Amino acid sequence: MIIGIDASALPPRPVGAGNYIIHLVRSLAALKSEGEFIVFAQASRQELIALPEDSTCRWVIVPDMKPAVRLVWEQTMFPRLVDKSGVELLHSLHYTRPIRLPCASVVTFHDMTFFLYPRLHTRPKRIFFRLAMQISARGADALIADSESTRQDAIRLLGIPPQKIYTALLGVDEAYRPISDLRALEAVQLKYGLPEDFILYVGMVEPRKNLPLLIRAFRKLMDLGTDTHLVIAGRLGWMYANVLQLIDTLGVKDRVSLIGYVPTQDLPLVYNLASIFVYPTLYEGFGLPALEAMACGVPVVTTEVSSLPEIVGDAGILVPANDETALTRAIQSVLTDRALSQRLAILGPERASQFTWERTAQQTLQVYRDVLRAD
């Protein structure tokens, strides 16, 4: 098999789907398989993927492009590049694929928010991606979903035949683990100005993540006498001003820290420093931050929506979405009940160990085999 991996959508500061691109490429490259892999990537992203020097993967470097330009390039220049490269199957890793291709095609859908929660995206994105995903669903030989929840949503919303779409659960990098290196922990604590005790959120600051719910719950905890802080780690997305305004309005500014994007080398240490990880999201195609926190032995409280029950299982506390009282009580329970906190700290790494990028790669490779065998 000659497999093309389209990694051209990888952003300069990867989160979520970007981490999927990096780890899937690395894990496929590490497999001893019958496949030959050709990776299409922008020049500046090659270092992010960072394949070992002895890797047998072949790189095809494409121009550095802004996202909108890349989408135009994908439909115009990319098909000719694919044809020239001689691939038998192209795996598009981020929702969209060239409409016309000279080979078989697999596309990964990370979530279905463009259909389920269109208001949570900018208007151009929701118009474009709804159409592009419908085209991908019709044109691809097979589709891959990050979770069974996303798979079922795709089947229901797009009318995809169940046999055409596969589930390949994501994994967690080995760097996410309980860390006892005090010097490293202290260095990261100083670097980001982290308090001694804090509630942690990791992810984009955007409407889908439902941060106002967490901030209101945090205000209630303060009113109840809980002496802690809230740390928000992640880039500011769209409509972030509402979050900043609520922090001011509720008078919690001196207790809330927005530390911005945290690079991969520091993030496991930030998780380890937290007392609890809280993820109040409205919908997740997978929910990598919850898995990363569990792997680090940090007690997790999140919402019982979409994929999160199949990821977290009984290793964290699940609360109804938008239930401020339930979220407040769950956080307070973890912060005050030492036995509960310790139990979750043990269950988290055990649960997370079931999710490996090697398994993701093996499941993905099987999709390639099925498609090419059918051809």
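The values are calculated or read from the model by the stated rules, or taken from the named source; none is laboratory data. Worth saying up front: this structure is predicted, and the values here are computed from it rather than measured. No Cβ is skipped: glycine too gets one built from the backbone with ideal geometry, and neighbour counts run over all protein chains shown.
Summary of computed values
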quantity: Answer from Leu182, Leu258 - the residue that is hydrophobic (A, V, I, L, M, F, W, C) and out of contact with any Leu (no Cβ under 9 Å at 6 or more places or on another chain); calculated: Leu182
quantity: Qualifying positions in the range 299-323 - surrounded by fewer than 24 Cβ atoms within 10 Å (Cβ to Cβ) and in a helix (DSSP H, G or I); calculated: Pro309, Glu310
quantity: Residues located in the range 293-309, provided they are in contact with a helix residue (DSSP H, G or I) (Cβ under 6 Å, 6 or more places away or on another chain) and either within 11 Å of Ser147 (Cβ to Cβ) or acidic (Asp, Glu) (or both); calculated: Ser306, Ser307
quantity: Residue that is nearest to Leu288 (Cα to Cα) [pool: residues in the range 29-39 that are modelled with pLDDT of 90 or more and touching a Leu at 6+ places or on another chain (Cβ under 7 Å)]; calculated: Ala29
quantity: Unique residue being more than 30 Å from Thr356 (Cα to Cα), modelled with pLDDT of 95 or more and either out of contact with any Ser or Thr (no Cβ under 6 Å at 6 or more places or on another chain) or part of a helix (DSSP H, G or I) (or both) when the list is Pro178, Pro195; calculated: Pro195
quantity: Matching option when the condition is on the phi < 0 side of the Ramachandran plot and touching a strand residue (DSSP E or B) at 6+ places or on another chain (Cβ under 7 Å), among Leu101, Leu48, Leu116, Leu120; calculated: Leu101
quantity: Residue check for Arg156: free of Cβ contacts under 8 Å to residues at least 12 places away in the same chain and not polar (S, T, N, Q); calculated: yes
quantity: Residue identified as out of contact with any Gly (no Cβ under 6 Å at 6 or more places or on another chain) and assigned to a strand (DSSP E or B) among Leu230, Leu246; calculated: Leu230
quantity: From Arg80, Arg151, Arg156, residue being within 18 Å of the chain's Cα centre (by Cα), in a helix (DSSP H, G or I), more than 21 Å from Pro207 (Cα to Cα) and not small (Gly, Ala, Ser); calculated: Arg151
quantity: Of residues in the range 125-142 being in a helix (DSSP H, G or I) and among the small types (Gly, Ala, Ser), the one farthest from Ile2 (Cα to Cα); calculated: Ala132
quantity: Residue within the range 53-74 that is assigned by TED's automatic domain parsing to the domain that holds Arg126, under 24 Å from Ala168 (Cβ atoms) and of a type in the set (Asp, Glu) present; calculated: yes
quantity: The range 105-159, residues that are buried (at least 20 other Cβ atoms within 10 Å of the Cβ) and among the β-branched types (Val, Ile, Thr); calculated: Val106, Val107, Thr108, Thr113, Ile144, Thr150
quantity: Enumeration of residues in the range 105-124 that are modelled with pLDDT under 90 and part of a loop (DSSP other than H, G, I, E, B); calculated: His121, Thr122
quantity: Residue in the range 307-323 that is in the same structural domain as Asp223 (by TED's automatic domain parsing), at negative phi, over 19 Å from the mean Cα position of the chain (by Cα) and without any contact (Cβ under 8 Å) to a residue 12 or more places away in the chain present; calculated: yes
quantity: Residue list for the range 333-359, restricted to those being buried (at least 18 other Cβ atoms within 10 Å of the Cβ) and either polar (S, T, N, Q) or under 11 Å from Met294 (Cβ atoms) (or both); calculated: Leu344, Ala345, Leu347, Gly348, Pro349, Arg351, Ala352, Phe355, Thr356
quantity: Residues satisfying the stated conditions in the range 15-55, i.e. basic (Lys, Arg) and in contact (Cβ under 8 Å) with a residue 60 or more places away in the chain; calculated: Arg26
quantity: Residues (crowded, with 19+ Cβ neighbours inside 10 Å, of a type in the set (S, T, N, Q) and in a loop (DSSP other than H, G, I, E, B)) located in the range 2-37; calculated: Ser8
quantity: Residue within the range 276-298 that is on the phi < 0 side of the Ramachandran plot, touching a Gly at 6+ places or on another chain (Cβ under 6 Å), surrounded by 23 or more Cβ atoms within 10 Å (Cβ to Cβ) and not hydrophobic (A, V, I, L, M, F, W, C) present; calculated: yes
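Every residue, every condition in (1) crowded, with 17+ Cβ neighbours inside 10 Å; (2) over 26 Å from Tyr176 (Cα atoms); (3) at pLDDT 95 or above; (4) not assigned by TED's automatic domain parsing to the domain that holds Pro268, yes or no:
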{"site": "Tyr201", "(1), (2), (3), (4)": "yes, no, yes, no"}
{"site": "Glu206", "(1), (2), (3), (4)": "yes, no, no, no"}
{"site": "Ala217", "(1), (2), (3), (4)": "yes, yes, yes, no"}
{"site": "Ile232", "(1), (2), (3), (4)": "yes, no, yes, no"}
{"site": "Ala241", "(1), (2), (3), (4)": "no, yes, no, no"}
{"site": "Arg255", "(1), (2), (3), (4)": "yes, yes, yes, no"}
